[in-house]
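The values are calculated or read from the model by the stated rules, or taken from the named source; none is laboratory data. All values reported here derive from a predicted model rather than from experimental measurement. Heads up, the Cβs are rebuilt from the backbone with ideal geometry, glycines too, and the neighbour counts pull from every protein chain shown. Keep in mind that these areas ignore ligands, DNA and RNA; they rest on the heavy atoms of the full protein, side chains included. Shrake-Rupley method; radii C 1.70, N 1.55, O 1.52, S 1.80 Å.
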Amino acid sequence: MKNWSFRQRLWFYRALTLGATAVIAHMALVWALPRLIMHQVMAGQAAQEMNMLNQAAFPPPVDASSRRVVMPSPDMLYSVCVFDVSQGPVRVTAHPGLSSYWSIALYGANSDNFFVINDRAVGKAAIDLWLVSKGPNAADPTVPVGAQVVVTPSEKGFLLMRVLTGDYEAEKSVLEPARRTLVCHKV
Amino acid sequence: MTKHTRYSRVQRLAIGASLYLGALALGMGSAWWVLRKATWSGTLVKVGAWSGSTLTGSPDADMYTRARVALEGLLALGRNETMYYRADTDDSGRPLRSRCSYRVEGAPPSARWWSITAYADDFFLFDAPNKQYSLNGTTAQLDAVGHFALSTGPTPQPGLHWLPTPGDRGLVLTLRLYNPTADLQAAPSKLKPPSISPLGACP
């Protein structure tokens, strides 16, 4: 390198810089993609229209017009809520009372599914979850006895309740009230 | 001399800017290619025409798996809750097309409940005229040997549950297993994969 000409050194450093730029751009996109998509789900136009921040919302049954999240399952009824624990705990209650499959899953801002509870774990009892952020409110003294505290990995995240429907038309009189027992609110 | 130096500097800047943009495009393009096209991954399990990731929906997912799931199956559950397998080819390895008809047949998987759903290659549902998007553990009728069967394609097939796939584009089948058995969770490759075979000629 000592004997390289100015032009050779210029191209060497250019190649080095370009290689590093390409690697950084590659990694940044892979890292950012799930976070950007989750941000769109939690704060995009659809989320705002449904007013789901710390509040449960109940999208219509899935069909071909459901194009907000990829791979929608036509066999599930969904209830949703965007939680934000930055200002204090968010309480989630539900009492579907169904013997068929249902679950409540929590997703972090990076799209990881960090918590799930289903009918097998709960039976026909009600659930009472207190979502808290890491830090001071993780040990909130107002959490009632019997409630389950869930520490969220990010201040903002997404709650998705799934209620199985193998045959919606035949089951909707039971399933619709069940999924609408979901309540999500800031304490 | 001054004119020459100025020209060289402008030229160098233009080359540098072009190469820099090229590097950005290369980095982002390669990321996109890896996420959408690359079929290799240490966490992918291939069973017949079906494949699934052992880390889908898991906090242990690497950043590539996480990004791929965000693109192709956002808000998935972990495999102790739900397992996902996907097929975009038939059993012979030919890409599935919506204008062709296929027969999908198999034994109910080892899970509390299951479903097979037909998606277009943008991972959304087809505009099915009969509103039938899936066959599942509730609606499937089993034959004498305990197998279910369905057809996908532009027209119904006699005696088969029909999932319409109008248009001419890629077809993706997704098999979901809710509360799969512990054996299957431990070894996703033990799935007895439903067969996918073409029905008739497809030009």
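Observations, loosely collected:
- A single entry from B:Leu24, B:Leu55 fulfils the requirement of being at the interface with chain A (Cβ under 9 Å from one of its Cβ atoms) and buried (at least 16 other Cβ atoms within 10 Å of the Cβ): B:Leu24.
- Whether a residue is hydrophobic (A, V, I, L, M, F, W, C) and touching a residue at least 40 places away in the same chain (Cβ under 8 Å) was assessed, and A:Val23 does not pass this test.
- Qualifying residue in the stretch A:135-146 (condition: within 16 Å of the chain's Cα centre (by Cα) and either surrounded by fewer than 17 Cβ atoms within 10 Å (Cβ to Cβ) or in a strand (DSSP E or B) (or both)): no
- Hits in the stretch B:77-108 (condition: in a loop (DSSP other than H, G, I, E, B) and more than 14 Å from chain A (Cβ to nearest Cβ)): B:Asp90, B:Asp91, B:Ser92, B:Gly93, B:Arg94, B:Leu96, B:Arg99, B:Cys100, B:Ser101, B:Ala107
- For the stretch A:11-21, the set of residues classified as over 14 Å from B:Ser18 (Cβ atoms) and either among the β-branched types (Val, Ile, Thr) or within 8 Å of chain B (Cβ to nearest Cβ) (or both) consists of A:Gly19 only.
- Selection count where residues are under 26 Å from A:Asp112 (Cβ atoms) and either touching a Ser or Thr at 6+ places or on another chain (Cβ under 8 Å) or open to solvent by 60 Å² or more (accessible area, probe 1.4 Å) (or both), scope the stretch B:102-120: 6
- Among the strands (runs of 3 or more DSSP E) confined to the stretch B:128-195, the ones with at least 2 residues that are in contact (Cβ under 8 Å) with a residue 60 or more places away in the chain are located at B:171-180.
- First in the stretch A:164-185 and of a type in the set (Ser, Thr, Tyr), second anywhere and assigned to a helix (DSSP H, G or I), Cβ under 6 Å, 6 or more apart: A:Thr165/A:Glu171; A:Thr165/A:Leu175
- Qualifying residue in the stretch A:153-162 (condition: without any contact (Cβ under 8 Å) to a residue 60 or more places away in the chain and of a type in the set (Asp, Glu)): no
- If you go through the stretch A:79-97 and keep only what is touching a helix residue (DSSP H, G or I) at 6+ places or on another chain (Cβ under 8 Å) and either buried (at least 21 other Cβ atoms within 10 Å of the Cβ) or within 13 Å of chain B (Cβ to nearest Cβ) (or both), you end up with A:Ser79, A:Val80, A:Val82, A:Val85, A:Pro89, A:Pro96.
- Test result for A:Leu175, within 13 Å of another protein chain (Cβ to nearest Cβ), assigned to a helix (DSSP H, G or I), open to solvent by less than 30 Å² (accessible area, probe 1.4 Å) and closer than 28 Å to B:Gly137 by Cβ: yes
- Applying the set (1) away from chain A (no Cβ under 14 Å); (2) assigned to a strand (DSSP E or B) to B:Trp113 leaves exactly one unmet item: (1).
- Flag for B:Arg99 being open to solvent by 70 Å² or more (accessible area, probe 1.4 Å) and closer than 13 Å to B:Ile196 by Cα: no
- The single condition among (1) out of contact with any Phe, Trp or Tyr (no Cβ under 8 Å at 6 or more places or on another chain); (2) under 23 Å from B:Asn80 (Cβ atoms); (3) surrounded by fewer than 17 Cβ atoms within 10 Å (Cβ to Cβ); (4) within 13 Å of chain B (Cβ to nearest Cβ) that A:Pro153 does not satisfy is (1).
- Of residues in the stretch A:28-60 being among the polar types (S, T, N, Q) and closer than 18 Å to A:Val70 by Cβ, the one nearest to the other protein chains (Cβ to nearest Cβ): A:Gln40
- Test: residue in the stretch B:29-51 that is open to solvent by less than 10 Å² (accessible area, probe 1.4 Å), part of a helix (DSSP H, G or I) and over 29 Å from A:Ser66 (Cα atoms): no
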